[in-house]
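Below is one structure, written out as structure tokens; comments come after it.
The values are calculated or read from the model by the stated rules, or taken from the named source; none is laboratory data. The model shown is predicted, which means the values in this text are computed figures rather than measured ones. Every residue, glycine as well, gets a Cβ built from its backbone with ideal geometry; the counts of neighbours run over all protein chains shown.
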Amino acid sequence: MNHRKPCSYQSSQVLLNHVGFHPSAGKYVVVEGVDDANCFYVHNMQPQGSNSSFTGKLVRGGDDFGRYLVGNFSSFIEPGEYRISVEASMKNYTNDIEKITETIGRKITLFGNIDPIGVLQNGSDEDLACEIIRQAEAGKKCRGFVTCTGSPITPSTPLSRVQRFLELGRGVTIE
């Protein structure tokens with residue numbers, strides 16, 4: 001049997017009852033080993049249910065058993081097969097793309113770092129276009145440049161925003 005960790009953090013685990021829940025029963029997810037996650041998503045496993053069915057907040061649990069966060073999805077009562085994902089905050093993390101390009105020079109290709117929440121999901125088309133151009137301008141100092149997000153695109157990002165991101169990225173030419 002293949003056991004894959006349910007979230008991308010190497011040192012974290014999402015803990016829950018894998019057998020199932022009665023729709024009217026209390027339902028909680030415990031995320032172990034991270035302090036910076038702030039929300040979780042319950043996703044329908046059916047192909048037509050790729051969008052998030054429920055979004056909940058994670059709150060810090062006690063320190064009795066180590067660091068952990070708890071999410072309550074007891075109000076979610078729709079029967080079905082679901083998976084849970086956790087979104088971590090990237091607060092206090094900055095990636096100075098101009099400094100990086102100065103350091104790596106023309107040695108390697110640079111991958112962009114578009115903010116998937118602040119710019120792609122929640123920003124305006126103008127914010128998105130400006131950030132793509134800013135990063136591509138910095139990237140022209142490198143061997144090559146690939147426009148991409150700095151972390152996975154969130155389930156809450158509308159498909160139309162992803163399509164716009166691709167259109168804008170393809171349309172950038174830096175001389």
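Quick notes on this one:
- Test: residue in the range 16-24 that is under 29 Å from THR147 (Cα atoms), modelled with pLDDT under 80 and more than 15 Å from the chain's Cα centre (by Cα): no
- Each residue in the range 135-175 was checked for being surrounded by 12 or more Cβ atoms within 10 Å (Cβ to Cβ), of a type in the set (D, E, K, R) and at pLDDT below 90, and 4 of them qualify.
- Of all residues in the range 25-49, those that are part of a loop (DSSP other than H, G, I, E, B), under 12 Å from TYR82 (Cβ atoms) and either at pLDDT 75 or above or touching a strand residue (DSSP E or B) at 6+ places or on another chain (Cβ under 9 Å) (or both) total 2.
- Subset of the range 85-134 [crowded, with 17+ Cβ neighbours inside 10 Å, over 21 Å from THR173 (Cα atoms) and modelled with pLDDT of 85 or more]: PRO116, ILE117, GLN121, GLY123
- For SER160, the test of being touching a residue at least 60 places away in the same chain (Cβ under 8 Å) and either hydroxyl-bearing (Ser, Thr, Tyr) or not in a helix (DSSP H, G or I) (or both) is failed.
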